[in-house]
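Step one of this worksheet: look at the structure below.
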Amino acid sequence: MLTSRAMGHGKLCVQCKFSESWLLLYGLRVIQYEFTLTLSALYHQCLYLVGVRLHLFSSYSHVLVNTTRMSAESPPRYIYKIVPSPPGDPFPKEHPLSELDQTDGFVHLSTSTQVPKTADLFFTRSSSLWVIKLEFRQFADFIRWEGGFPHLYGNFGAENVDSTMKFVREESQTWAEVMAKSEWLD
C-alpha cells in the first residue's frame, strides 16, 4: 500500500516505510536476480547438452575418425554423400541440400570407411539408403577436413557425380554389415 504523501524520493509504503523508488529498485534487482538464475540455468543446460554431445562424439569418434585420418596431404580418391531418398533420375543439376547441410553451411560428406559407420549412427531407422560417389579432386579447393570428415563448402550436381548406389538392409542388419559386401565403396 502506498500513501499519497510525497517524500523526497517518492511515495512511502505505509507498512514498511520504504520509498517507492527503493521498492522499484528492489523489484528490479529481484527480477534481475531471477533473470540471472534463468540464464544460469539455461547456460548450465546448454553445457550439459554440449557435454552429452561431446561425450557421444568422443564415444564414437574412434569409430568414425581413427580409421580415416585424412587431410589435404593424403586425400581419398572418392568422397560420398549419404541420402535417405532417391537422388533423382536424371540427377539434378544442383543437389538439393538437406536441412542439416543448409543449417551448418556445408555439405556433410564421408570417406569410404566412414560411410557404413555414419549410416549406422545417423540412419538407423532407414531400411534403404542412397550413396552418391564424388571424385575428391573436383572439390579439393572447397573441402575442409573438420573432425576427420570432409565438409564441402559449396554444392555439387549431375556433372560432379561419378555414380550412385542404393543399399537395402533387413531390420536385423547394420549398415556396416550390408556395406561390407560392397566393392563399390573404395
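Nothing in this text is a laboratory measurement; each read-out follows from the coordinates by a stated rule. Remember, predicted model here, so these are calculated numbers, not experimental data. Backbone-built Cβ (ideal geometry, glycine too); neighbour counts: all protein chains shown.
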Check your understanding: Quick one: what Rg and Dmax do you get for the range 101-166 from the alpha carbons, in Å?
Key -> 12.1, 34
Check your understanding: Amide H to amide H under 5 Å from L109: which residues, 5+ apart in sequence or cross-chain, H placed 1.01 Å off N in plane?
Key -> L152
Review point. Amide H to amide H under 5 Å from F156: which residues, 5+ apart in sequence or cross-chain, H placed 1.01 Å off N in plane?
Key: H95
Revision key, fill the gap. Residue span S182 to S128: 0.36 nm per residue of separation minus Cα-Cα distance leaves a gain in nm of 18.0 nm
Revision key, fill the gap. Mean Cβ-within-10 Å packing, highest first, puts peptides 165-176, 116-127 in the order 116-127, 165-176
Practice item. Take each of the peptides 129-141, 151-163, average the number of other beta-carbon atoms within 10 Å over its residues, and list them starting from the highest. Key: 129-141, 151-163
